[in-house]
1. Please work out the FRET efficiency for the pair TYR32 and GLU423, using the Cβ-Cβ distance as r and a Förster radius of 45 Å; give the result to the nearest 0.05.
2. Fewest first, what order do SER564, SER124, SER214 take by the number of other Cβ atoms within 10 Å?
3. Taking 8 Å as the Cα distance limit and 6 or more residues as the minimum spacing, I'd like the relative contact order of the chain as a percentage.
4. If packing is taken as the mean number of other Cβ atoms within 10 Å per residue, what is the order of 176-183, 348-355, highest first?
5. Rounded to whole Hz and in sequence order, give me ³J(HN,Hα) for the range 154-161 from the Karplus expression 6.51 cos²θ - 1.76 cosθ + 1.60, θ = phi - 60°, writing x for Gly and Pro.
6. What order do you get for GLU103, GLU360, GLU481 when you list them from fewest to most C-beta neighbours inside 10 Å?
7. Relative to the longest principal axis of the C-alpha atoms of the chain, give the angle of the C-alpha long axis of helix 199-211, reported between 0 and 90° and rounded to the nearest 10°.
8. Between PHE164 and PHE125, what's the calculated FRET efficiency when r is the beta-carbon distance and R0 is 60 Å? Round to 0.05.
Amino acid sequence: MFMFEKKKIDLKWLIAPVAIFFIIFVLPIGAYRVYEKFYQEKIYPGVYLGEIDLSGYGKESAKLELNKKIDKLSQTGIAFKYHNQETVLYPLIASLEGDIVKEVIVFDTESTINNLLNYGRQGSFLKRLQNKIAALLKPQRHTILFAVNHDELKNFFSSNFDHFATPAQNARLEYSQENHWSPIVFSVKEEIYGQILSVKAAEQELKKNLSSLSVSPVKIRANIDYPKIYKKDVLNIDPMAKSIINLSPLSFSYGRHEWPVYKSDLLNWLIIKDNFSTTSLEKYIVGFDHEKISNYLSDAIAPHIDKKPINAKFEIKDGKVTEFQASQGGVELAINKNIINIEKQAVLMNQNNIELIIEETKSDLGTAEINNYGIKEIIGIGHSNFSGSPANRRHNIAIGAASVNGTLIAPDEEFSLNKVLGEINADTGYLPELVIKEGRTIPEYGGGLCQIGTTAFRGTTASGLPVTMRRNHSYRVGYYEPAGTDATIYNPWPDYRFKNDTGNHILIQSRIKGDDLYFDFWGTNDGRTATQTYPVIHNIVRPAPTKIIETTDLEPGVKRCTESAHNGADAYFDYTVTYPDGEIKETRFSSHYVPWRAVCLVGVDDLSTTTEEVLKE
């Protein structure tokens, strides 16, 4: 009996440690495994993007949620306020045909969602555990990745708020002359304090709002603008100015050509500036306005000197590559070097006859050994249809196709479509399309060139080449159906690029047959095969109602629509390249298209306080 009681007591002492071990170790490990299993390929609890709780979202559902927010922001824009003026910045500026879409703000949802999914999954075990516990105790707020087109943002500020700014004026040189024969008298006008808008602060506030997808208005503030040069510091500057004027006429020469600059123009070039001489102790001296010299050189001299290099281009005839455009070197007036040299020669050395600096420019592609490039056969064909295009668009497609025709791409070279097309303006033969900016229709060049980008993209995938840069259009455009197979371009960005990894040269030839554009990719077939699935189109979203904008540019009551409505959607297709050695490379091209509402201008006599309203449909 005594022995039995002792065993019962020992068993009780054994159960207690087992229970403690189970509670401390086994139960948490089991719970942790269940937790990890449940949130496998999902965002952990407590992980936010700004104020958006994305706990438990998978990659696709999170992408859909973010795209909804971004699409709404694209439609409503972000308001900027200064005093009583409020102007809306839209992430996208588009033309009626949809070819020209300037992206002011671009969001990278793919990388952002990957960062959210990786939170709690990177680093050591302790680091991962620490992050997961931190998210459970307190929301971990992340920011969305995005890029801002600074040039377009600068244009937005300039066109809408510049009239509020009064930049400071430095003490400046003035001259007077009673008549043509009397001496020139120089004097210094006193500096003026000014006011500038804090664009940098506004941009920082914009970026802060965008990082969390907030649409809160951005308030623009003003600061005092202080002059840099004061009258009290430049009282004895008259002799310097006179010594430069006495050089008149200043003569620029190149070969047998001379360009004289007479006293009247020279006087307008003179400014007070920081001393750039190493031999003078003066803080400020009289020198030249670099911008005015640059304008003179660019307008009066460069057109007579500059000769752009010409790349060799080739075509196929009788199974061989034959030259139809030989490469030629070029020359150009070195504007910046000449500005510095002119000022140095005239101001510091009192020279009035200045030899211009000319630089030779080489073509990127020569004509040597053209039959040894290994161009034997067509390795892929890109095709698109542009039926229904207006006359200007057709004209631009023909110009762009001609620019691409005959382009030769060396082995391992990255092809850049923007580089091949060059400048897009009236001087290069293009015709404009209209886009809407700040309630007005503005002519922009580039309509039709996305047909070139899309055809190049399709030719690349047909040839089995790796795509290194491609962006889809911001919204669906009928010319590029099926959705997901398009590529948008706009100089200087976005670009379309691919790499020639065939080991031989590739020649692109363009041809237009009726409403069809073709890019034939010639090269050497190395045995690779390329396949792609038909695009899957999903998440179709209707656009918001038509946006009406008042304008005084039209007769009262006249309505002109500058943008048409498009459904939003997501699309993807899979691109697979199988190489001769058995290597397989797979790429999924995903595209997100913003639902785009129609935009119409309506003529009014006077603008109301709110210049934008929505037309209910």
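1. The formula returns an efficiency of 0.15 here.
2. Placing the least packed residue first, the sequence is SER124, SER214, SER564.
3. 11
4. Numbers: 176-183: 8.0, 348-355: 14.2.
Result, highest mean first: 348-355, 176-183.
5. Whole-Hz 3J(HN,Hα) from phi for the range 154-161: 4, 4, 4, 4, 4, 6, 9, 10.
6. Details: GLU103 20, GLU360 10, GLU481 14.
Placing the least packed residue first, the sequence is GLU360, GLU481, GLU103.
7. Between helix and principal axis, roughly 20 degrees.
8. The computed FRET efficiency comes out at 0.60.
Any read-out appearing in this document is the output of simple, stated calculations on the displayed coordinates, not a laboratory observation. Source: prediction; values computed, not measured. Positions of Cβ are generated from backbone atoms using ideal geometry, with glycine treated the same way; all protein chains shown enter the neighbour counts.
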